[in-house]
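Undergrad: Quick one: structure below, then a few questions.
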Amino acid sequence: MSTLHVCPLSRLTETVAATGASHVLTLVTPPATPARPASIAEGCHAVVGVSDIAVATDGYVLPAEDHVRAILDFVTSWPREKPMVIHCYAGISRSTAAAYIAACALDPARDEVEAAASLRLVSPSATPNRLFVEIADRLLGRDGRMVAAIAAIGRGADAFEGVPFRYELG
């Protein structure tokens, strides 16, 4: 079974090493560009430069369709033979949204409510970025079900940064 591992930037190197991941998806606010972990081959690391916001704010990059398409393109091209690590600065919002989006994209028959409940179970602090989820819901033709499922699990527990976790794919 393929797995995703989500972590904050501060735990990236150790998470990649512990999981044996072959691919890394980085979501960071430009102009930040964290280094590719040494064990990850060139071409197996994608960086999506986007801020963790849901409304336009001067000086920040609002999530847009091209950002979500970049996530979808990367996760759907992943061979799934080894785990993928998804991270953002805190491991709470952008990365958990990307993991949820990946779960829904890689298993079109997976129930959105079950995927969201599974996310909450493995990460009490997960608070997926609402705008990322809204855009993905539209692109994946989920008719608002992804948005409703994430709204149903509510905001995660307050935390400075998330604890690395494993998120099973269907």
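The values are calculated or read from the model by the stated rules, or taken from the named source; none is laboratory data. Remember, it's a predicted structure, so these values are computed and weren't measured experimentally. With ideal geometry, Cβ positions are generated from the backbone for all residues, glycine too; neighbour counts draw on all protein chains shown. Quick note on the areas: whole protein, heavy atoms, side chains included, nothing else; ligands and nucleic acids left out. Shrake-Rupley method; radii C 1.70, N 1.55, O 1.52, S 1.80 Å.
Undergrad: Okay, which of segment 77-102 sit inside 20 Å, backbone N to the point 7 Å along the Cα-Cβ direction of residue 155?
TA: 89-98
Undergrad: On to the next question. Can you list the HN-Hα couplings for segment 121-134, worked out from phi with the Karplus curve (6.51, -1.76, 1.60; θ = phi - 60°), rounded to whole Hz and with x for Gly and Pro?
TA: Calculated HN-Hα couplings, in order: 4, 8, 9, x, 8, 4, 9, x, 4, 4, 5, 4, 5, 4 Hz.
Undergrad: Under a Cβ-only charge scheme (Lys and Arg +1, Asp and Glu -1), can you give me the dipole magnitude of the chain about the Cα centre, in debye to the nearest 20? All intermediate terms of the calculation are to be shown ahead of the outcome.
TA: Values: 14 positive and 18 negative charges, 42 e Å.
About 200 debye.
Undergrad: I would also like to ask the following. First compute the accessible area of the chain with a 1.4 Å probe, then give the percent of it belonging to carbon and sulfur atoms. Mind dumping the intermediate values first?
TA: Values: 4350 of 7780 Å².
That share works out to 56 percent.
Undergrad: Can you work out the accessible area per residue across segment 58-117, with the rest of the protein chains kept in place, probe 1.4 Å, in square angstrom? Show your work: numbers first, answer last.
TA: Details: 2490 Å² over 60 residues.
Solvent-accessible surface per residue comes out at 42 Å².
Undergrad: How much length is gained on full extension from residue 69 to residue 3, taking 0.36 nm per residue of separation minus their Cα-Cα distance?
TA: Here the segment from residue 69 to residue 3 would lengthen by 21.7 nm.
Undergrad: With every protein chain left in place, what is the accessible area per residue of segment 119-168 in square angstrom, probe 1.4 Å? Let's see the in-between values first.
TA: Numbers: 2580 Å² over 50 residues.
So segment 119-168 comes to 52 Å² accessible per residue, rounded to a whole number.
Undergrad: Let me ask another. log10 I(q)/I(0), Debye, Cα-only the chain, no solvent, q = 0.10, 0.18 Å⁻¹?
TA: Debye intensities relative to I(0), on a log10 scale: -0.31, -1.11.
Undergrad: Over the Cα atoms, compute the radius of gyration (one decimal) and Dmax (the largest Cα-Cα distance, rounded to a whole number) for segment 94-170, in Å.
TA: 11.3, 34
Undergrad: Something else now. Expressed in nm to one decimal, what extension gain is obtained for the pair residue 57 and residue 77 from 0.36 nm per residue of sequence separation less their Cα-Cα distance? Please report the intermediate quantities before stating the final value.
TA: Details: separation 20, 0.36 × 20 = 7.20 nm, distance 3.19 nm.
Computed gain between residue 57 and residue 77 is 4.0 nm.
Undergrad: Based on a Kirkwood Rh over C-alpha pairs, give the Stokes-Einstein translational diffusion coefficient of segment 1-82 at 20 °C and viscosity 1.002 mPa s in µm²/s.
TA: 156 µm²/s
Undergrad: For segment 131-170, what is the convex hull (Cα atoms) projected area averaged across all directions, in square nanometres?
TA: Projected over every direction and averaged, the Cα hull of segment 131-170 covers 3.9 nm².
Undergrad: Considering the dipole of segment 9-136 built from charges on the beta carbon (Lys and Arg +1, Asp and Glu -1) around the Cα centre, which of 97, 38, 86 is farthest to its positive end?
TA: With unit charges placed on the Cβ atoms, the residue in question is 38.
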